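These notes concern the structure reproduced below.
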Amino acid sequence: MEAHKKAIAKIAASVRYFFERNEPYRIFHGSTNSTRPYQRNKTVDISALSNVLMVDVKSRTALVEPNVPMDRLVESTLKHNLIPPVVMEFPGITAGGGFAGTSGESSSFKYGFFNRTINSVEMTLANGDIVTASEQENADLFHGASGAVGSLGITTMIELQLVEAKRYVKTTYYPVQSIASAIEKVQKETLNTDLDYVDGIVFSKDHAAIITGELTDDLPENTQVQRFSDAKDPWYYLHVKDRTCSATSPITEYIPIAEYLFRYDRGGFWVGRSAFEYFRFPFNRFTRWWLDDFVHTRMLYKALHASSMSKNYIVQDLALPYATAEQFINYTAESFGIWPLWLCPLRQSPSPTLHPHFLEKEADGSLKPMLNIGLWGWGPSQQDIALMKNRELERKLREFRGMKWLYAHTYYTEKEFWDIYDRTWYDELRKKYHATSLPSVWQKVKVNETVDRSWSAWFLALWPIGGFWGIRKAIQSGQYLIARNSTWKLRDKPVEK
């Protein structure tokens, strides 16, 4: 903790320097799972805050710094037979990113967004003050900073809730043959109190799989566990597709807990296939094995940023009421033709909030749940057409009473943005906590629509130069070594002596 205090003092001094000069700054945490462009000038570096400080078995809590990624967090808590209630599926997403952004995962139908499993946060305000925010202390900041993408201050420490871990997730795949049936099945399964996880993959208009998970220590006799982390293992979405393509009844298998939590890492759900398409390279079991180092999410994000191809790629998470989800999927199928889609049921956060929300309530007064639709795939190659299609997507989303995650490209005008979110509430928080010198949430997420006509942008746009440059920068990052050396893959495997 002493090292943490020294690091915080240094960060606070740097923040105070900018505050006294009334200069905005950005936060550099060392890695990103956002697809927004980022800048390094006028930056406060918090990349050293990457430690699990404590796991308390008695209280079932963990004290972590913001740059702790999910795989390191899970490795630390599993030693005590505990896990966070909500674990982001990508191992490189950090605890701080989950709080400052929006993270809804397959357990979020039960627990809500990641921030709803946090007891308290330590923050450095924009004037350099260090405060604690929780339900009992600075509660308005505690709720407001969640989803505000660092626009109210810097998160420097988090106290997370933990729950008991089990050895396996009993995973069941329910094949369905229509979008309407998939949505209906997701909603039905979220009412099953025995379940710990629910999500779904829509492969096409007539093939989907709804997936449920139950934590268990019991492995039926003569049952072989299914893994997804080794190069020889299948990519998860392809495995589910193969198991359900001709099935007419549910299929159940047992997956070691950490393998389940990070099941979508290899292939980045399915967007890793786009790299094979870009290079016009064969996509089969052998090539996926051969190029395994390059298709984990950390490497994919590094390559995506460096290649500048993110501007031609649709990476959007969109939350809608169940009542309009089918209509919205029909729209995306016609307008974008992107498959598969991810379905993730969500428990809403109370308003006001910067997370996706809508205000309809159940008969008992609770907020109605939402359905997250993950739309990830190639968009138009021409920048003007890509801009038009993204703007159209945002308009259609509002038409269907939905809202989007702010980690991705956001094209709203300032007026459009604040027609969606509660500006009065947000501005009052910024004034109260001395954050008016910081970029606002809209300023941080808004995409610069100016066409980059530099020689470097022109050069990177040439096929396949941009792709090879992205690979080069990803290799230089050394991120592939993290997946190779992850110890969570050893759980339930015999350890060689």
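Residues Val176, Val186, Val149, Val169: which one is crowded, with 19+ Cβ neighbours inside 10 Å, β-branched (Val, Ile, Thr) and at pLDDT below 95?
Checking each option against the conditions leaves just Val149.
Taking segment 301-334 on its own, how many of its residues are part of a strand (DSSP E or B) and among the hydroxyl-bearing types (Ser, Thr, Tyr)?
1
Output the helices (runs of 4 or more DSSP H) that fall wholly within segment 376-476 and possess 1 or more residues being modelled with pLDDT under 95, closer than 27 Å to Thr297 by Cα and touching a strand residue (DSSP E or B) at 6+ places or on another chain (Cβ under 8 Å), or say none.
383-399, 441-445
Filtering segment 340-375 down to residues that are of a type in the set (Gly, Ala, Ser) and part of a loop (DSSP other than H, G, I, E, B), which residue is surrounded by the most Cβ atoms within 10 Å (Cβ to Cβ)?
Across segment 340-375, the extreme among qualifying residues is Ser349.
Select, from Val44, Val74, Val52, the only residue that is modelled with pLDDT of 95 or more and more than 18 Å from the chain's Cα centre (by Cα).
Val52
Given the conditions (1) surrounded by fewer than 14 Cβ atoms within 10 Å (Cβ to Cβ); (2) of a type in the set (Val, Ile, Thr); (3) in a helix (DSSP H, G or I); (4) touching a strand residue (DSSP E or B) at 6+ places or on another chain (Cβ under 7 Å), report the number of the one that Thr287 does not fulfil.
Tallying (1) surrounded by fewer than 14 Cβ atoms within 10 Å (Cβ to Cβ); (2) of a type in the set (Val, Ile, Thr); (3) in a helix (DSSP H, G or I); (4) touching a strand residue (DSSP E or B) at 6+ places or on another chain (Cβ under 7 Å), Thr287 fails exactly one: (4).
Is there a residue in segment 21-36 that is within 18 Å of Thr297 (Cα to Cα) and either part of a helix (DSSP H, G or I) or modelled with pLDDT of 95 or more (or both)?
no
Kindly establish whether Glu189 is over 23 Å from Lys404 (Cα atoms) and assigned by TED's automatic domain parsing to the domain that holds Gly97.
no
Scan (1) at negative phi; (2) not in a strand (DSSP E or B) for the single condition Gly337 breaks and write down its number.
(1)
The values are calculated or read from the model by the stated rules, or taken from the named source; none is laboratory data. No experiment lies behind these values; they were computed from the predicted model shown. Neighbour counts are summed over all protein chains in view; Cβ atoms, including those assigned to glycine, are modelled from backbone coordinates with ideal geometry.
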